[in-house]
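The values are calculated or read from the model by the stated rules, or taken from the named source; none is laboratory data. Every value quoted in this text rests on a predicted model; they were computed, and no experiment measured them. All Cβ positions, glycine included, derive from the backbone under ideal geometry; neighbour counts span all protein chains shown.
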Amino acid sequence: MEVESHKNHSYSTFFLIVFPSFYDYRRIIFIPVFILFILAILLNSGIIFVITTGSGLHLPMYILICTMAVVDLTIPMTFTPKMLLSLLLDWNDISLVGCLVQMFFVHFVSSFESTILLVMAIDRYVAICNPLRYNDYINISNFLKIAVFALFRSIIFVFLIILFASSLTFCLSNVIEHCYCEHMVVVGLACENTNKNNIMGLVAAFSIAGLDLLFILFSYGKIFFAVLRSASGKSKQKAISTCGTHLIVILMTYCMGLSSFLAYRFRNSVTSDFHNLISVSYLLLPSCFNPIIYGVRTKEIREQILRKLGIGKTLPVSNRGQSSNI
């Protein structure tokens, strides 16, 4: 691996070095990453199978959970196989085109997950605050409209990020000290002004994750206010427990994503190893926890799982899609 600095040369091949300070222990690091990857695949595949084949689980709320599982199944696929090959077999090289393609899919799928979290918050808001109009607002037609908007929004912003990055000249180094081709890490290897890339990254982050988080917090704020004002003791405790758990998981996801995003703006005070840790946690851990929080903890889905395993029985599913989480 040769690293040179030539202003008139732009690298077309890069080397992904995961946890550079612990490079000698990369075989050991492979083990927990591989376990998390397999866990994410199995859990999300299981949730998708149960919902698509289970009776009574084709209501909007369960479709949302299934969509979340599809996204959580896809995110690890965008970067983990390459990362595992790098850790185990030292297959570190990646072309510039391959790097940009990986960058596109990681950021695109992650941004789409943000939209799903928003729609799930809206689903809970309507189910609790306006249950009589649930079927009017939460239906397949509206889901398709939101999906088209989310795809359009994500494609535009992520495409612009990739377009700006592809126009740079990379001559400072061909070593990417990260687990995947993250936008700002790759941009940091350019030997020209990257202000437009920084601004585009900030605009995309605010327009997707920032706005989604604001609406999510607003929705859950209205939910908690409505529950505290009108629900009975047991119902209040149940709703707060369910929505509180969802909100904690959502905030943890966004906080890890925000930490990962800001870490690249303070590169002099944050090590590459910390960047890697935050990014792996941000992308892999939610894919392992979401199937449990949104899937297994939902009573109807849990009973379908037990039924698939040959134990338990399935209870009727509410026609308004209100979860029986406990």
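So here's what we get for this one:
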{"read-out": "Pick from the stretch 67-115, criterion among the hydrophobic types (A, V, I, L, M, F, W, C) and in contact with a Gly (Cβ under 9 Å, 6 or more places away or on another chain), ranking: nearest to Ala40 (Cα to Cα)", "value": "Ala69"}
{"read-out": "Selected residue [modelled with pLDDT under 75, under 30 Å from Asn197 (Cα atoms) and part of a helix (DSSP H, G or I)] from Leu214, Leu258, Leu262", "value": "Leu262"}
{"read-out": "Close pairs (8 angstrom Cβ cut-off, 6 or more residues apart or separate chains): over 11 Å from Cys191 (Cα atoms) in the stretch 1-20, modelled with pLDDT under 80 and part of a strand (DSSP E or B) anywhere", "value": "none"}
{"read-out": "Filter pass, Met61 being modelled with pLDDT under 90 and either among the hydrophobic types (A, V, I, L, M, F, W, C) or under 18 Å from Leu16 (Cα atoms) (or both)", "value": "yes"}
{"read-out": "Pairs, first outside any helix (DSSP H, G or I) in the stretch 191-209, second among the polar types (S, T, N, Q) and surrounded by fewer than 17 Cβ atoms within 10 Å (Cβ to Cβ), C-beta under 9 Å, six or more apart", "value": "Cys191/Ser5; Cys191/Ser10; Cys191/Thr169; Glu192/Thr169"}
{"read-out": "Among the residues listed as Asp90, Asp72, the single one being buried (at least 21 other Cβ atoms within 10 Å of the Cβ) and of a type in the set (D, E, K, R)", "value": "Asp72"}
{"read-out": "Neighbours by Cβ (under 6 Å, 6+ apart or cross-chain): first from the stretch 35-52, part of a helix (DSSP H, G or I); second buried (at least 20 other Cβ atoms within 10 Å of the Cβ) and among the aromatic types (Phe, Trp, Tyr)", "value": "Ile51/Tyr62"}
{"read-out": "Residue within the stretch 239-254 that is at pLDDT below 75, in a loop (DSSP other than H, G, I, E, B) and not basic (Lys, Arg) present", "value": "no"}
{"read-out": "Any chance Ala226 is among the hydrophobic types (A, V, I, L, M, F, W, C), at pLDDT below 85 and either within 20 Å of Leu100 (Cβ to Cβ) or out of contact with any Gly (no Cβ under 9 Å at 6 or more places or on another chain) (or both)", "value": "yes"}
{"read-out": "Unmet criterion (only one of (1) under 30 Å from Ile28 (Cβ atoms); (2) part of a helix (DSSP H, G or I); (3) aliphatic (A, V, I, L, M)) for Ile65", "value": "(1)"}
{"read-out": "Test: residue in the stretch 106-123 that is within 26 Å of Ala209 (Cβ to Cβ), out of contact with any strand residue (DSSP E or B) (no Cβ under 6 Å at 6 or more places or on another chain), at pLDDT 90 or above and of a type in the set (Gly, Ala, Ser)", "value": "no"}
{"read-out": "Options Ile162, Ile94, Ile75, Ile122; residue that is over 30 Å from His58 (Cα atoms), touching a residue at least 12 places away in the same chain (Cβ under 8 Å) and assigned to a helix (DSSP H, G or I)", "value": "Ile162"}
{"read-out": "Pairs with Cβ under 6 Å, 6+ apart, first in the stretch 127-138 and free of Cβ contacts under 8 Å to residues at least 60 places away in the same chain and surrounded by 14 or more Cβ atoms within 10 Å (Cβ to Cβ), second outside any loop (DSSP other than H, G, I, E, B) and of a type in the set (A, V, I, L, M, F, W, C)", "value": "Tyr137/Val126"}
{"read-out": "Criterion violated by Tyr180 - all others in (1) touching a Phe, Trp or Tyr at 6+ places or on another chain (Cβ under 7 Å); (2) part of a helix (DSSP H, G or I) satisfied", "value": "(2)"}
{"read-out": "Checklist (1) surrounded by fewer than 19 Cβ atoms within 10 Å (Cβ to Cβ); (2) under 30 Å from Ile116 (Cα atoms); (3) modelled with pLDDT of 90 or more; (4) not basic (Lys, Arg) applied to Thr53, failing item", "value": "(3)"}
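Here's the yes/no breakdown for (1) in contact with a strand residue (DSSP E or B) (Cβ under 8 Å, 6 or more places away or on another chain); (2) of a type in the set (Lys, Arg):
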| residue | (1), (2) |
| --- | --- |
| Lys145 | no, yes |
| Phe157 | no, no |
| Leu160 | no, no |
| Phe170 | yes, no |
| Val175 | yes, no |
| Gly210 | no, no |
| Leu213 | no, no |
| Arg229 | no, yes |
